């Protein structure tokens, strides 16, 4: 291993995690069948541990099939726990799949069918129980089917009330059982629904304030989801951090205006990824650095784990760039000049201040040169 490779080699202290569904993605899309074999969860644990990952995360059905018997469930979970112990891996987060099965085609917690809402709630509670069993600290709730294509079919006020009732019931389940778990709600503007309720992190934060136990519920911003809505992910993450609600984060990348791509972290927008890393490293976030992405459909299993290593390596490179940013005398001198000038409120003259240049062009160019490796 070269000196550079060793320098950016991930370790468990970096707290990098991947969903089983990320490295387990088989490359299926609406236009083509799967191109890779099924990856057993225990193999995912082993391979990710070899790369230096801290842990794995999972939907309930990534590990236990939806129709598994209690005996099958016990055997599957037992084997998985043994793999975790063998490779010193953790499960910091679990989530629930309320979007894949046909029963959820018109919503889960917001279905207009009371029996489906009850089933979805019971399934989510069981996923929380599984998370507790595996030692998870966070339960992510993504409402992938909570939305509409035909607005006439469902009153959105009713849907919001059902959604609120469902999340309240989940917090009661956690508190009643004294689980050391918090809920992190994940926003997305569209896909698989035409429009998804609570489409942005800001909308989620407003919704959380209406819950019975808002202290138990935060958010899980995803880079790609924010970019799908044309938003700046760094600003959404900052809003969550400033509200004390950044319970988890999904790192990936996305070309704006496209379907949900879940690209390798930093692969499309290195500068945007840099500012997210800077915010996480300097803003007090102590949770896992979780990657919710998948390899290109062109890749075999070797390529899948090249992708996983690339996510972690890019984060570490950008983390190093954050240190270089703070140590760069020209950048810091320019920032000091900007802050001193804009902070002077003793004598205000409208015309003078209207003519002031802020030197942001120079600052942005210096950052670009830093990221491009010439500083």
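The values are calculated or read from the model by the stated rules, or taken from the named source; none is laboratory data. All values reported here derive from a predicted model rather than from experimental measurement. In this analysis, Cβ positions are derived from the backbone assuming ideal geometry, glycine residues included, and neighbour counts consider all displayed protein chains.
Descriptive notes on the structure:
- Selected residue [in a strand (DSSP E or B) and either touching a strand residue (DSSP E or B) at 6+ places or on another chain (Cβ under 7 Å) or in the same structural domain as residue 262 (by TED's automatic domain parsing) (or both)] from 184, 203, 180: 184
- Candidate set from segment 25-54 (those that are free of Cβ contacts under 8 Å to residues at least 40 places away in the same chain and not in a loop (DSSP other than H, G, I, E, B)); member that is surrounded by the most Cβ atoms within 10 Å (Cβ to Cβ): 44
- Residue that is over 16 Å from residue 289 (Cβ atoms) and modelled with pLDDT under 95, where the choices are 42, 2: 2
- Within segment 212-238, tally of residues that are buried (at least 17 other Cβ atoms within 10 Å of the Cβ) and either under 19 Å from residue 128 (Cβ atoms) or touching a helix residue (DSSP H, G or I) at 6+ places or on another chain (Cβ under 7 Å) (or both): 14
- Looking across segment 248-261 at every residue that is in contact (Cβ under 8 Å) with a residue 40 or more places away in the chain and surrounded by fewer than 23 Cβ atoms within 10 Å (Cβ to Cβ), the one that is nearest to residue 324 (Cα to Cα) is identified as 260.
- One residue from 57, 22 being outside any helix (DSSP H, G or I) and under 21 Å from residue 250 (Cα atoms): 57
Results for (1) part of a loop (DSSP other than H, G, I, E, B); (2) buried (at least 19 other Cβ atoms within 10 Å of the Cβ); (3) touching a helix residue (DSSP H, G or I) at 6+ places or on another chain (Cβ under 6 Å), shown as yes or no for each residue.
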site	(1), (2), (3)
281	no, no, yes
294	yes, yes, yes
299	yes, no, no
302	no, no, no
310	no, no, no
339	no, no, no
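- Hey, residue 273 modelled with pLDDT of 95 or more, part of a helix (DSSP H, G or I) and either within 23 Å of residue 9 (Cα to Cα) or in the same structural domain as residue 38 (by TED's automatic domain parsing) (or both) or not: yes
- Some residue of segment 86-100 being surrounded by fewer than 21 Cβ atoms within 10 Å (Cβ to Cβ), in contact (Cβ under 8 Å) with a residue 24 or more places away in the chain, under 18 Å from the mean Cα position of the chain (by Cα) and outside any loop (DSSP other than H, G, I, E, B): yes
- Scanning segment 218-254 for residues that are part of a loop (DSSP other than H, G, I, E, B), in contact with a strand residue (DSSP E or B) (Cβ under 6 Å, 6 or more places away or on another chain) and under 14 Å from residue 203 (Cβ atoms) gives 220, 245.
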